[in-house]
Each structure stands twice: as structure tokens, then as C-alpha cells.
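Only one structure is covered here, and it is reproduced in the block below.
Derivation of every value follows stated rules applied to the coordinates shown; laboratory data play no part. What you see is a predicted model, and the numbers here were worked out from it, not measured in a lab. Backbone-built Cβ (ideal geometry, glycine too); neighbour counts: all protein chains shown.
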Amino acid sequence: MENINSWVEFTSGSPQFRISEVSIKSAPVYQFYDQSDLTEDLIGLPIDREENKHVRTFDRLSTLEAGNIIFSLISGTASIVSKNHSGYLYTQNYIKLSPKKELDGCFLVYLLNENKGIKRQFQKGIQGSATMKYTVKQLRDLNLPTLPSLEKQKSIGSIYFKQLHKQALKERVAKLETKVILARLEGKSHE
């Protein structure tokens with residue numbers, strides 16, 4: 001096992017309370033990256049939700065690019081930012097992770113989201129805590145298991161993301177089938 005700091009650089013998001021919002025129309029507008037965006041990036045599908053919050057400001061802010069790895073301190077979940085969310089502002093509730101080239105990004109997401117040893121490390125850090133928010137310190141203190149070859153990492157990471165996408169599609173189909181059946185039952189009950 002090796003500490004995550006040997007493999008990953010961390011970049012915190014912009015503190016939301018320090019952003020100076022302006023009403024000047026020429027100021028850039030930034031969309032906030034949120035939990036729904038992270039879920040969309042993880043499953044590779046858009047989800048029904050409200051419009052993102054946004055802010056108009058001249059401040060220099062932390063923004064995301066497609067391919068960045070993002071970790072939510074709220075949910076303890078990681079994902080890879082899609083091109084749909086490129087340019088979004090990420091706040092102090094998110095940490096951007098930049099792995100060394102010997103660590104595949106998809107594999108890192110898989111480890112952070114699914115590895116039992118990492119889950120145990122996170123659980124130790126939040127025991128007795130009133131809030132279920134993760135900390136940067138917890139993230140920095142993680143020990144990663146021995147990494148397989150880069151080729152194997154890429155294979156595992158690819159399969160992981162494809163499986164999440166497949167599962168989300170199946171769930172969407174099941175919900176649509178239920179809607180259709182309920183609509184038919186509703187129609188039959190009025191006959």
C-alpha cells in the first residue's frame with residue numbers, strides 16, 4: 001500500500017463565499033458543477049433535474065475541463081468530467097485530482113468509488129461525525145492498494161464506466177416500462 005499523495009495531486013475548488021457576484025452583462029457567467037453533474041458524468045447519461053446555479057463575476061475561479069477527475073467531498077464519489085461540463089466552476093465541495101501517468105484516471109475513479117479498503121479508510125474518518133462530509137485530509141491520508149499494470153488499470157477502468165452506463169440504461173428502461181404499464185392501467189380503470 002502506498003499513500004495517494006505519491007500518485008495524485010489535489011486542487012481545491014473556489015470558495016463559494018468569496019466569489020464577488022456582479023450584475024454587469026459583460027462579465028463572464030459560470031455554471032456551478034454539482035452532484036447531478038457528477039452523476040451524469042459517472043453514468044454517461046443526462047438526468048432530469050433543475051437548471052444549474054450560475055454566477056456572473058470577474059473573479060478568477062477554479063474551472064473544470066473534460067477529462068479532469070473530480071471528487072465530491074459531499075458524497076465521497078469521484079468521476080471524470082465530460083465535455084458537457086467543461087468550463088464549469090467547481091467549489092470547495094469538490095477536489096480536482098491529477099494522477100501521475102502511471103495511474104489511469106478511470107481506474108482511480110473505480111478505486112475511490114468501489115474499493116473496500118478505501119471505503120473502510122473513509123468510514124474510519126467519519127465515525128462519530130455529525131455531518132457526513134468528507135475532508136481533504138481524509139482524501140490525502142488514503143492508502144492505495146498495490147496498483148496493477150497500467151494496461152490492466154485501463155481495462156478495469158473502462159469496464160467500470162461501461163458497466164455503470166449499462167446499469168443506468170437498464171434502470172431508465174425499467175422506469176419507462178413502469179410508466180407505460182401504469183398509463184395502460186389508468187386507461188383500463190376508466191373503461
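For the ranges 169-176, 96-103, what's the packing order if you count other beta-carbon atoms within 10 Å of each residue, average per peptide, and put the highest first?
Top of the packing list down: 96-103, 169-176.
Give the value in nm², to one decimal: projected area of the alpha carbon convex hull of the chain, averaged over all directions.
That works out to 15.2 nm², a quarter of the Cα hull's surface.
If the only charges are +1 at each Lys and Arg Cβ and -1 at each Asp and Glu Cβ, what is the size of the charge dipole of the chain around the Cα centre, to the nearest 20 debye?
Roughly 260 debye for the chain.
Based on DSSP, what percent of beta bridges with both residues in the stretch 2-189 are antiparallel, to the nearest 5?
90
To make sure I understand, if each residue's beta carbon is the centre and we count other beta carbons within 10 Å, what order do Thr57, Thr135 fall in, fewest to most?
Thr135, Thr57
Which value at 222 nm does the chain reach when only helices count, each DSSP H run of 4 or more adding -39,500 (n - 2.57), with the total divided by all residues and rounded to the nearest 500 deg cm²/dmol?
-13000 deg cm²/dmol
Normalised by the number of residues in the chain, what is the relative contact order in percent for Cα pairs under 8 Å and 6+ residues apart?
26
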